[in-house]
Amino acid sequence: MTMVVPPPKTVKVEALEKPPITLPPSLISWLQAAPLTIILGAFLALPILMITVVSFWDYDFAQMYPDFVTFNYAETLGSWVTWKTYLNTLKFTFLVWSITLFIGFWVAYFLAFHIRTSAMQTVLFLVCTVPFLTSNIIRMISWIPVLGRNGLVNSALIETGIIAAPIEWLLYSDFAVVLAMVHLYTLFMVTPIFNTMMRIDRSLIEAARDAGASGLQILTNVIIPLSKPGMAIGSIFVVTLVMADFSTVQVMSGGQSASVALMMKNQMSLLQYPAAAANAVVLLVLVLLMVAGILRIVDIRKEL
């Protein structure tokens, strides 16, 4: 008689699974924002804080002294020369902004609504960026042989008999400064406006045309209102660039005009860093107020 031995029972040992580590949602949000916060803090907030601190220091012809004095701001805000320089800078800003806005809008309008194929739009837009293949200095001084006393413009006008003597104010004047700045910064207005216009739903234009709207009515009631975010972004670009430009004013005016940035550059060349820092803080506040005014009028979150 044989005995049947049953197989041994196998005991299943279930692996102990560790529960997943869950972080609080608020901590996850902080971790996601940490890289950008560190970058902005190190390269934006910290330099601004250092400039603000230095603006309250004392100085002489050789060095700076850590202190808390306010005469740097008193000299900046209490001098009529400084106020005149700020007004001159605001004049350049308004003229360049208005001209670049006009040119940038119509260039973007032509590219967005009169060029049918996207390939040709891209080609023409790249043509607009060709000047950026060279530096700002080269593009700026390229106007000198054009606008000079014996330049191309004066030579052509004299040869055609339109004028008898060269026009002196074409170069080394406020006109030359504005012209060079418009040449340098128009593309900063074209790009955001063109990007905004490309996002406009073409069915809205067709609906307005079917409703009997004229071309001018479509432009003023459909295209311009929907292009305001791009116009605001371009305005911010141009305003901040013009307010911080000193090389164009120095070269194209021939030293006959001034701007706040040029005044700060001269102060730094004389080792007057606290005075330059005070001017930088005032200029920063002025630019921020102008940007806040633009953002108050136009909501650019639609574009972003």
Query raised in the report: Nearest 10 degrees, 0 to 90: what angle lies between the long axis of helix 224-243 and the longest principal axis of the chain (Cα atoms)?
Result: 70 degrees
Query raised in the report: Hey, fewest Cβ within 10 Å first, where do Ser235, Ser142, Ser55, Ser203 land in order?
Result: Ser203, Ser142, Ser55, Ser235
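Most exposed first by the Cβ proxy, i.e. fewest other Cβ within 10 Å, how do Tyr86, Tyr65 rank?
Details: Tyr86 21, Tyr65 10.
With the sparsest Cβ surroundings first, the list reads Tyr65, Tyr86.
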Query raised in the report: Based on Cβ point charges of +1 for Lys and Arg and -1 for Asp and Glu, what charge dipole magnitude is obtained for the stretch 148-272 about its Cα centre, in debye rounded to the nearest 20?
Result: 220 debye
**Report entry** Separation of the Asp67 and Val81 label points, Cα + 7 Å toward Cβ, nm
**Finding:** 2.1 nm
Requested in this report: For Phe113, put the label point 7 Å out on the Cα→Cβ axis and report which residues of the stretch 228-246 keep their amide N under 18 Å from it.
Outcome: 228-232
Report summary line: Connecting every pair of Cα atoms under 10 Å apart in the chain and solving the GNM, the largest mean-square fluctuation among Val285, Val130, Val54 falls on Val130
Query raised in the report: Each residue of the stretch 149-155 in turn: what ³J(HN,Hα) in whole Hz from Karplus with 6.51, -1.76, 1.60 and θ = phi - 60°, glycine and Pro shown as x?
Result: 4, 10, x, 5, 5, 5, 5
**Report entry** FRET efficiency, 1/(1 + (r/R0)^6) with R0 30 Å, evaluated for Leu44 and Asp299 via beta carbons
**Finding:** 0.80
Query raised in the report: Highest GNM mean-square fluctuation, the chain, Cα pairs closer than 10 Å: which of Leu36, Leu124, Leu27?
Result: Leu27
Report task. Quick one: check the C-alpha center-to-center distance for the stretch 183-218 versus the stretch 160-174, whole angstrom. Result -> 38 Å
Report task. Calculate the spin-label point distance for Thr52 paired with Phe175, positioning each point 7 Å from the Cα along the beta-carbon direction, and give it in nanometres. Result -> 4.4 nm
Report summary line: Pseudo-spin-label distance Ile163 to Ile28, built 7 Å along Cα→Cβ, given in nm, is 6.9 nm
Query - Order of Met64, Met290, Met120 - criterion: other Cβ atoms within 10 Å of each residue's Cβ, fewest first - result: Met120, Met64, Met290
Query raised in the report: For the chain, modelled as a Gaussian network with Cα springs under 10 Å, which listed residue fluctuates most, Gln121, Gln32, Gln256?
Result: Gln32
Query raised in the report: Can you give the three extents of the C-alpha atoms in the chain along their principal axes, from longest to shortest, in whole Å?
Result: 138, 70, 36
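Taken together, the values in this text are just the output of simple stated rules run on the coordinates, not laboratory data. This structure is a prediction, so every number in the text was calculated from the model and none was measured. In this analysis, Cβ positions are derived from the backbone assuming ideal geometry, glycine residues included, and neighbour counts consider all displayed protein chains.
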